[in-house]
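Single-structure report; data block below.
The values are calculated or read from the model by the stated rules, or taken from the named source; none is laboratory data. Because the structure is a prediction, the values reported are computed rather than measured. Ideal geometry is used to build each Cβ from the backbone, glycine not excepted, and the neighbour counts take in all protein chains shown. Heads up: the accessible areas ignore ligands, DNA and RNA and are worked out on the full protein's heavy atoms, side chains in. Shrake-Rupley method; radii C 1.70, N 1.55, O 1.52, S 1.80 Å.
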Amino acid sequence: MNVAATLRYSSISPQKMRLMGDAIRGKSVDEAIKILIFSPQKSSNIVKKLLDSAIANAEHNHGADIDELRVLTIEVNEAPRFKRFRARAKGRGERIIKRNSHITIRVGDEK
């Protein structure tokens with residue numbers, strides 16, 4: 001059984017999110033939550049909320065046992081970027097790119 005939770009257009013760069021994704025991929029749900037709680041990064045709070053949502057989906061929709069769940073996959077893809085301009089010297093403009101992410105977490109039992 002695979003259960004997924006998806007967050008789209010998260011306002012954090014995919015590179016920063018992938019660091020948290022790599023830290024919890026393949027771990028049990030209990031261990032992954034402990035890692036996310038004690039990580040100081042902004043991305044850890046976002047991933048923890050999404051992991052809680054995936055656990056709730058598995059429990060409510062499929063009647064899964066929480067103790068047997070593992071983080072099977074976590075995908076972090078790039079979302080459309082926001083492009084802004086900042087005024088610079090001598091009438092020029094400089095482009096600012098604000099990167100966004102799409103995150104998908106799949107949890108399931110070991111079977």
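See the values below:
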item	result
The stretch 66-79, residues that are in contact with a Leu (Cβ under 8 Å, 6 or more places away or on another chain) and open to solvent by 70 Å² or more (accessible area, probe 1.4 Å)	none
Output for the stretch 80-111, where each listed residue is in contact (Cβ under 8 Å) with a residue 60 or more places away in the chain, farther than 16 Å from SER13 by Cα and open to solvent by less than 100 Å² (accessible area, probe 1.4 Å)	ILE105, ARG106, VAL107, GLY108, ASP109
Residues within the stretch 3-23 that are of a type in the set (S, T, N, Q) and open to solvent by 100 Å² or more (accessible area, probe 1.4 Å), tallied	1
Residues located in the stretch 88-111, provided they are of a type outside the set (Gly, Ala, Ser) and outside any strand (DSSP E or B)	ARG88, LYS90, ARG92, ASP109, GLU110, LYS111
Considering residues of the stretch 29-60 that are over 10 Å from the mean Cα position of the chain (by Cα) and among the β-branched types (Val, Ile, Thr) only, the residue surrounded by the most Cβ atoms within 10 Å (Cβ to Cβ)	ILE55
Only listed residue being of a type outside the set (A, V, I, L, M, F, W, C), exposed (fewer than 13 other Cβ atoms within 10 Å of the Cβ), in contact with a strand residue (DSSP E or B) (Cβ under 7 Å, 6 or more places away or on another chain) and more than 30 Å from ILE96 (Cβ to Cβ), chosen from GLY63, GLY26	GLY26
